[in-house]
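Scroll down for the structure; my scribbles are underneath it.
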Amino acid sequence: MQRRDLLKLLSFGTGALMFPGTSANAAVPVLKFRELYVRGDELSDLTKSLDGKIVQMTGYMAPPLKPEVRFFVLTKLPMSVCPFCESEAQWPDDLVVAYCDDPIDVVRYTDLIDVEGKLELGFWKDPETQFVSLIRITGATYVKR
Amino acid sequence: MKRFTKLFLSGASVALMAQAANAQQALPQQTDSYFVSAQQELFSKLAEQPNTGRAKNVILFVLDGFSIPTLTAARIYEGQSRGVDGESNVLSFEKLLPYVALSKTYTHDSQVADSAPTATAMTTGVKSLNGTIGVTQKVTLENCASQKGAEAESIFELAEKAGLSTGIISTARITHATPAAAYAHTAFRDWESDATLSEEAKQNGCKDIAAQLIDWSAGNGFEVVLGGGRSNFLPESAADPEAADKTGARKDGRNLVDEWKAKYNDGAYVWNKTEFDAVDAEKTEHLFGLFERSHMQYEADRAKDKGGEPSLAEMTGKAIDVLSKNKEGFVLMVEAGRIDHAHHAGNAARALADTVAAAQALQVAYDKVNPQETLIVLTADHSHTMTINGYPKRNNPILGIAGTGDDKKPYTTLSYANGPGAKLDEPRPDLTNVDTTDLDFLQPALVPLGESETHGGDDVAIFAAGPWAHLFRGVVEQNLIYHVMAYASQLPSRVKAETTGAVK
């Protein structure tokens, strides 16, 4: 059984406890998207204080770039291309990249997920995918709500 | 003296009605607070006099996607945000714009509209095809060749020809459908920059929407242009001022911002709030502001914008300061463009916050003009699928829980008929212990449409005040809005007079 599957099972038993502002593990601090930055790309003191620590974030899994990858983009709102309001894909500024130990199981991009892992801050370009990120969660596990 | 007589007579009418009301003392509900309040409203309406003067100025507020449930929910949301009773709260335009009608938003080819032909209906007076802007029903969607001979002239073009000042404001891209209907003529709304033009469009000489704005030949051009959409005006070779790792979208090498600056040496171009605040309206004849690469921020997120953005109210106030210097008057469109986007995302909180921001902008506009000589219209282009479910108690949070379904799970007061808030082939989520008032919460939806909730086909409201505003009554076609604005301002005849030298 993979760790994420274990978390899914745990979540099933404690599902009623999973709501914004809490974590399945009460000791794990919860970081909200709107708490990430003070303004623009200036990180908040809260975010900086959690660098290198295990955190939980809640959001949506953007459709992965290709199958069998070990990372996904976590977004505040479902990552969509609105036919009437967008003519091109508009990536939000406040996305977070989650790196997992195993290939990911894709969750539909409109389903909320709780992601837990180590917060890593700073510019980083993935040597394999060339994907650039400023905020990452590594060793990420996730459960669908 | 005539005006004094009118006021005197209307005062006498109210006095007579008050006497009549006193004669109803026998009614058992006579002193009930609701009864008294509504009776006072009656007196207020009896005192209203239709204004049949010429509209010197016309201001059209378009609240994109502002459905009637959005109106009700925003009213409650705004009141509750201030800690007062939400249900009986009154938004600025409900109080200031007394004439109301229902607008039928269907288009020439569709039961449910998009923003392109509905904006066209308001700015040119015709219904047209979904996806097209500033053209008549003769056009074929995405066919550039069909544009020729199908162009419809907008009230902004008329105003410029008649010597008035003009302005457009939007929290969306300024090349987006609603503001584009003031100046563009295109068979496809997505042709916002040359990068999105089709081969057929290029071969047949159709211009992208951003280029049409800069090359606009009506009068001396817009005096005010404020909104988002900067990337459509900058070439791929130009770095964006707000995001150094991003560039413009244009592939033809044109820098439309530089072209605008060269065209208007009496103008000011700004891209952030600091520059915007520094603009002296008295000394500025042309103002061009592009505050985001794409759409401007939602009002709920605006304070965190990297470069800083003015609010819709601040843009409206500055625009009127610039425009009102023209003694001939002005025509201004103010679009709250992102109510629609938040609804598409299934995110009611942001839609309501942007609606409140629009109400604040309306108040600013009303306070800056002479309401006796300014026709102000506030309406929506189309509806959305958000609904208000029963039966929450009075003062229940509008973003809260309304009740419990047969499945024993709570349901929210606000929900959508379709959109991202629906589960795919799964039972609906259990909202027990979920904070549904959170800014990022997506309201539940019935039909899963993950990419975007849809527009709605129900009628929308028109609110109006000022000269000939009383023509907005009953259930009307959306394109009547143009005809009332044109009639009230007499712009078509003023253009004719100008060509013979009678005006200016």
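Roughly how big is the protein assembly as shown's charge dipole about its Cα centre, with Cβ charges of +1 (Lys, Arg) and -1 (Asp, Glu), in debye to the nearest 20?
Working: 64 positive and 84 negative charges, 302 e Å.
Dipole about the Cα centre, nearest 20: 1440 debye.
Would you kindly derive the ³J(HN,Hα) couplings of segment B:474-484 from the backbone phi angles with the Karplus curve 6.51 cos²θ - 1.76 cosθ + 1.60 (θ = phi - 60°), listing them in order in whole Hz, with x for Gly and Pro?
x, 9, 10, 6, 4, 6, 5, 4, 4, 5, 5
Counting only C-alpha contacts under 8 Å and six or more residues apart, can you give the relative contact order of segment B:252-384 as a whole percent? List each step's numbers first, then the result.
Working: 121 pairs, mean separation 27.8, N = 133.
Reported as a whole number, the value is 21 percent.
Taking the Cα centre of segment B:392-453 as origin, sum charge times position over the Cβ atoms of Lys and Arg (+1) and Asp and Glu (-1), and report the length of that vector in debye to the nearest 20. Write out the running numbers ahead of the final one.
Working: 6 positive and 10 negative charges, 80 e Å.
Roughly 380 debye, rounded to the nearest 20.
Taking every pair of alpha-carbon atoms in segment B:114-194, give the share separated by more than 23 Å as a whole percent. Can you show the working numbers first?
Numbers: 464 of 3240 pairs.
When all Cα pairs of segment B:114-194 are counted, 14 percent exceed 23 Å.
Going through the cross-link list B:127/B:283; B:246/B:304; B:251/B:306; B:127/B:161; B:127/B:246, which pairs have a Cα-Cα distance over 30 Å in this structure?
Numbers: B:127/B:283 39 Å; B:246/B:304 19 Å; B:251/B:306 26 Å; B:127/B:161 23 Å; B:127/B:246 38 Å.
Listed pairs above 30 Å: B:127/B:283; B:127/B:246.
List the longest stretch of chain B that has no exposed loop site; here a site is one of the GluC sites (Glu not before Pro) assigned by DSSP to anything other than H, G, I, E or B, with at most 14 other Cβ within 10 Å. The partial results should precede the final answer.
Values: sites that count: B:48, B:87, B:236.
The reported range is B:237-504.
What relative contact order, as a whole-number percentage, does chain B give when Cα pairs under 8 Å and 6 or more residues apart are counted?
Across chain B, relative contact order equals 24 percent.
Taking 0.36 nm per residue of sequence separation and subtracting the Cα-Cα distance, how much length would be gained by fully extending the chain between residue B:393 and residue B:29, in nm to one decimal? If you can, show how the numbers build up before the last one.
Values: separation 364, 0.36 × 364 = 131.04 nm, distance 2.36 nm.
Computed gain between residue B:393 and residue B:29 is 128.7 nm.
Tell me which residues come under 5 Å, amide H to amide H, from residue B:173 once H is placed; ignore anything under 5 positions away on its chain.
HN-HN under 5 Å from residue B:173: B:228, B:295, B:296.
Take every residue in peptide B:431-441, count the Cβ atoms of other chains within 10 Å of its Cβ, and give the average of those counts.
Working: counts 1, 3, 7, 6, 3, 2, 0, 6, 4, 10, 2.
Averaged over the peptide's residues, the number is 4.
Where does chain B land at 222 nm, in deg cm²/dmol rounded to the nearest 500, when only DSSP H runs of n ≥ 4 count, each adding -39500 (n - 2.57), divided by all residues? Spell out each step's value before the answer.
On the way: 16 runs with 160 residues, N = 504.
It lands at -9500 deg cm²/dmol.
Go through A:125/B:261; B:95/B:138; B:263/B:368 and tell me which ones have a Cα-Cα distance over 32 Å in this structure. Intermediate results must be reported in sequence, preceding the final value.
Working: A:125/B:261 38 Å; B:95/B:138 40 Å; B:263/B:368 29 Å.
Those over the limit are A:125/B:261; B:95/B:138.
Any idea what log10 I(q)/I(0) is at q = 0.24, 0.28 Å⁻¹ for segment B:392-453, Debye with uniform C-alpha scatterers and no solvent?
For segment B:392-453, the Cα-only Debye profile gives -1.07, -1.31.
Determine, from the Cβ-Cβ distance of residue A:42 and residue B:141 and an R0 of 35 Å, the FRET efficiency 1/(1 + (r/R0)^6), rounded to the nearest 0.05.
Working: r = 44 Å, r/R0 = 1.26.
FRET efficiency, residue A:42 to residue B:141: 0.20.
Sort B:398-406, B:426-434 by packing, meaning the average of other beta carbons within 10 Å per residue, with the highest value first.
Working: B:398-406: 15.8, B:426-434: 14.2.
Peptide ranking by packing, descending: B:398-406, B:426-434.
Toward the positive end of the charge dipole of chain B, about the Cα centre and with charges on Cβ (Lys, Arg +1; Asp, Glu -1), which of B:488, B:391, B:235 goes farthest?
Going by the charge dipole, the pick is B:488.
Which is farthest toward the positive dipole end of the protein assembly as shown among B:152, B:276, A:92, measuring Cα position about the Cα centre, with Cβ charges +1 (Lys, Arg) and -1 (Asp, Glu)?
B:152
Placing +1 on the Cβ of each Lys and Arg and -1 on the Cβ of each Asp and Glu in segment B:392-453, which of B:441, B:412, B:429 has its Cα farthest towards the positive end of the resulting dipole?
Among B:441, B:412, B:429, the one farthest towards the positive end of the dipole of segment B:392-453 is B:412.
When every alpha-carbon pair in the protein assembly as shown is counted, what percent end up more than 43 Å apart? List each step's numbers first, then the result.
Numbers: 57135 of 210276 pairs.
So the portion of pairs separated by more than 43 Å is 27 percent.
Would you grab the residues whose amide H sits under 5 Å from the one on residue B:412? Only those 5+ places off in sequence or on another chain, please, with H modelled 1.01 Å from N.
B:402
Sort A:112-119, B:384-391 for me by packing, meaning the mean count of neighbouring Cβ atoms within 10 Å per residue, highest on top.
Numbers: A:112-119: 20.6, B:384-391: 17.5.
Top to bottom by mean Cβ count within 10 Å: A:112-119, B:384-391.
Testing the spin-label approximation: label points 7 Å from Cα along Cα→Cβ at residue B:373 and residue B:44. State their distance in nm.
2.7
Over all residues in B:286-296, what is the mean tally of Cβ atoms on other chains that come within 10 Å of each residue's Cβ?
Neighbouring Cβ atoms belonging to other protein chains average 1 per residue here.
Sequence gap at least 6, Cα distance under 8 Å: using those rules, report the relative contact order of segment B:392-453 to the nearest whole percent. It would help to have the intermediate numbers written out before the result.
Working: 102 pairs, mean separation 22.1, N = 62.
In percent, rounded to a whole number, it is 36.
Roughly how many debye, to the nearest 20, is the charge dipole of segment B:60-196 about its Cα centre, given +1 on each Lys and Arg Cβ, -1 on each Asp and Glu Cβ, and no other charges? Mind dumping the intermediate values first?
Details: 10 positive and 15 negative charges, 50 e Å.
Here segment B:60-196 has a charge dipole of around 240 debye.
Which whole number gives the average, over all residues in B:169-175, of C-beta atoms from other chains lying within 10 Å of the residue C-beta? Don't skip to the answer; put the middle values down first.
Numbers: counts 0, 0, 0, 1, 3, 0, 1.
Rounded to a whole number, the mean comes out at 1.
Whose amide H sits under 5 Å from the amide H of residue A:43, counting only residues 5 or more places off or on another chain, with H placed in the peptide plane?
Amide H neighbours of residue A:43: A:38.
Report the Stokes-Einstein translational diffusion coefficient (µm² s⁻¹, integer) for chain B, Rh taken as the Kirkwood radius over Cα pairs, at 10 °C with viscosity 1.306 mPa s. Could you put the intermediate results ahead of the total?
Details: Rh = 24.0 Å.
Rounded to a whole number, D works out at 66 µm²/s.
Using Cα-only point scatterers and the Debye equation, what is log10 of I(q)/I(0) for segment B:22-102 at each q in 0.14, 0.16, 0.21, 0.23 Å⁻¹, rounded to two decimals?
With one equal scatterer per Cα and no solvent, log10 I(q)/I(0) is -0.74, -0.90, -1.15, -1.21.
No lab work stands behind these numbers, since they all come straight from the coordinates. Note that the structure is a prediction, hence the values are computed from the model and not measured. Because the Cβ atoms are built from the backbone with ideal geometry, glycine has one as well, and the counts that use them run over all protein chains shown.
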